[in-house]
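To keep things clear, I will list the structure first and then write my remarks on it.
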Amino acid sequence: RGKKAFIAGVADDQGFGWAIAKQLAEAGAEISLGVWVPALNIFESSYRRGKFDANRKLANGSLLEFAHIYPMDAVFDTPEDVPPEIAENKRYAGNEGYTVSEAAEKLARDVGKIDILVHSLANGPEVQKPLLETSRRGYLAALSASSYSLISMLQRFGPLLNPGGAVISLTYLAGARVIPGYGGGMSSAKAALESDTKVLAFEAGRKWNVRVNTISAGPLGSRAAKAIGFIDDMIKYSYENAPIQKELSAYEIGSVAAFLCSPLASAVTGHVMYVDNGLNTMGLAL
Ligand code: NAI
């Protein structure tokens with residue numbers, strides 16, 4: 001039986017979410033997506049116009065397809081959480097049922113049970129500000145979009161996971177070590193995500209017999225990373241200082257995600273897996 005996956009956090013073919021989708025599809029999984037509402041129109045039209053076709057080719061010659069594409073905003077749990085200024089915003093109006101609970105209801109209706117849940121999203125409105133200059137509002141927004149969103153997703157999608165299923169998210173070294181420039185509470189959000197991975201692995205393991213892991217990825221020039229502003233420097237730094245001197249491909253993260261979600265990793269849970277050419281191990285750059 002082919003496995004079924006739901007991936008939140010794909011809005012183009014440049015980020016980790018896309019690469020994870022592709023590697024899971026290579027392994028035979030059926031993929032459904034939750035796409036951030038403001039990015040959905042452009043994603044769907046680019047997809048239809050063939051803009052991603054070069055990156056859709058699978059090894060067997062077929063093209064990556066998505067079974068379902070749902071609008072989702074991971075900062076809203078239920079319809080009551082959506083403030084009027086969002087509901088009436090022109091990028092949201094016309095979309096329905098984009099809160100986490102409603103997206104899970106749609107997936108349950110259309111797909112039923114799933115095996116794999118992927119959280120590949122983050123947002124921190126003040127990411128360019130040092131922590132010392134971050135507002136309470138910006139800090140809490142970073143935690144809401146980047147950390148609590150995993151808890152919210154597991155609450156609602158957890159009951160859809162088959163026993164033996166797997167959950168993964170994406171984290172960054174800045175949650176464990178100081179990375180100047182990764183501000184706005186995003187470092188705090190990744191620290192929370194890594195700690196929550198352990199607690200959720202325990203709770204969801206006991207409750208549904210599913211595994212929860214997170215991948216700490218090296219730098220990638222995705223759309224989100226470009227918004228931070230220093231990604232080219234980080235890629236260069238990694239190239240110069242990591243044990244393995246090569247640029248990281250998003251598909252390398254996709255492959256590890258496929259491994260972590262497969263029975264090959266049936267005893268791995270609550271783990272922060274570094275996929276960063278080994279950069280995290282260095283204490284002194286040479
Ligand atoms: P990306 O831009 O491809 O993915 C981020 C996605 O989050 C986008 O599709 C965006 O639409 C979505 N998103 C933002 N706010 C949302 C919300 N409220 N609800 C639903 N979706 C929302 O960028 P990337 O880099 O692939 O990011 C994926 C994950 O990888 C993030 O957790 C990021 O922190 C993590 N990561 C990225 C690194 C990098 O260097 N690019 C390094 C380590 C971790």
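Here's the list of aspartates and glutamates a cross-link from LYS246 could span, going by alpha-carbon distance under 20 Å and ignoring same-chain residues fewer than 8 apart: ASP232, ASP233, ASP276. Normalised by residue number, the volume inside the convex hull of the Cα atoms of the range 130-266 is 121 Å³ per residue. Only aspartates and glutamates eight or more places from LYS4 in sequence, or on another chain, were considered; those with a Cα closer than 13 Å are GLU26, GLU30, GLU65, ASP110, ASP115. Judged by the gyration tensor of its Cα atoms, with axes a ≥ b ≥ c, the range 4-280 is rounded; a/c sits under the 1.5 cut. Nonpolar atom fraction for the chain, defined as the carbon and sulfur part of the 1.4 Å probe accessible area, stands at 54 percent. For the chain, the residue among GLY270, ILE244, ALA59 whose Cα projects farthest onto the positive side of the dipole built from Cβ charges is ALA59.
Modelled spin labels at PHE259 and MET282, positioned 7 Å past Cα toward Cβ, are 2.2 nm from each other. What the phi angles of the range 68-73 give under the Karplus curve with 6.51, -1.76 and 1.60, with θ = phi - 60°, is a coupling list of 9, 10, 10, x, 8, 10 Hz, glycine and proline written as x.
Of the residues ARG1, ARG49, the one with the largest accessible area comes first in the ranking ARG1, ARG49, computed with a 1.4 Å probe on protein heavy atoms.
If we count every other residue with Cβ under 15 angstrom of THR134's Cβ, Lys/Arg +1 and Asp/Glu -1, where does the sum land? The answer is +2. Couplings 3J(HN,Hα) of the range 176-190, computed from phi: 10, 10, 6, 10, x, x, 8, x, x, x, 5, 5, 5, 4, 6 Hz, in residue order, whole Hz [Karplus 6.51 cos²θ - 1.76 cosθ + 1.60, θ = phi - 60°; x for Gly and Pro]. Overall, the range 4-280 carries a charge dipole of about 280 debye about its Cα centre when +1 sits on the Cβ of Lys and Arg and -1 on the Cβ of Asp and Glu, all other atoms neutral. ILE151: net charge of surrounding residues, Cβ under 12 Å, Lys/Arg +1, Asp/Glu -1, itself excluded? Summing Lys/Arg as +1 and Asp/Glu as -1 gives -2.
Between VAL167 and LEU117, ARG211, VAL212, ASN213, the built amide H atoms are under 5 Å apart, and every one of these is 5 or more places off in sequence or on another chain. Quick one: go through the range 165-201 and flag any residue whose amide nitrogen is under 16 Å from the point 7 Å out along the Cα-to-Cβ line of LEU132. Once the point is set 7 Å along Cα→Cβ of LEU132, 178-185 turn out to lie under 16 Å by backbone N, inside the range 165-201. Close amide H partners of MET273, meaning residues 5 or more places away or on another chain with modelled amide H under 5 Å apart, are THR214, ILE215, SER216.
Computed from backbone phi with θ = phi - 60° and the Karplus coefficients 6.51, -1.76 and 1.60, the 3J(HN,Hα) list for the range 45-62 is 6, 4, 4, 5, 6, x, 4, 9, 4, 4, 9, 9, 5, 8, 4, 7, x, 7 Hz; x is used for glycine and proline.
The values are calculated or read from the model by the stated rules, or taken from the named source; none is laboratory data. Here the structure is a predicted model, which is why all the values come from computation and not from measurement. Don't worry about glycine lacking a Cβ; one is built from the backbone with ideal geometry, like all the others, and counts go over all protein chains shown. Keep in mind that these areas ignore ligands, DNA and RNA; they rest on the heavy atoms of the full protein, side chains included. Shrake-Rupley method; radii C 1.70, N 1.55, O 1.52, S 1.80 Å.
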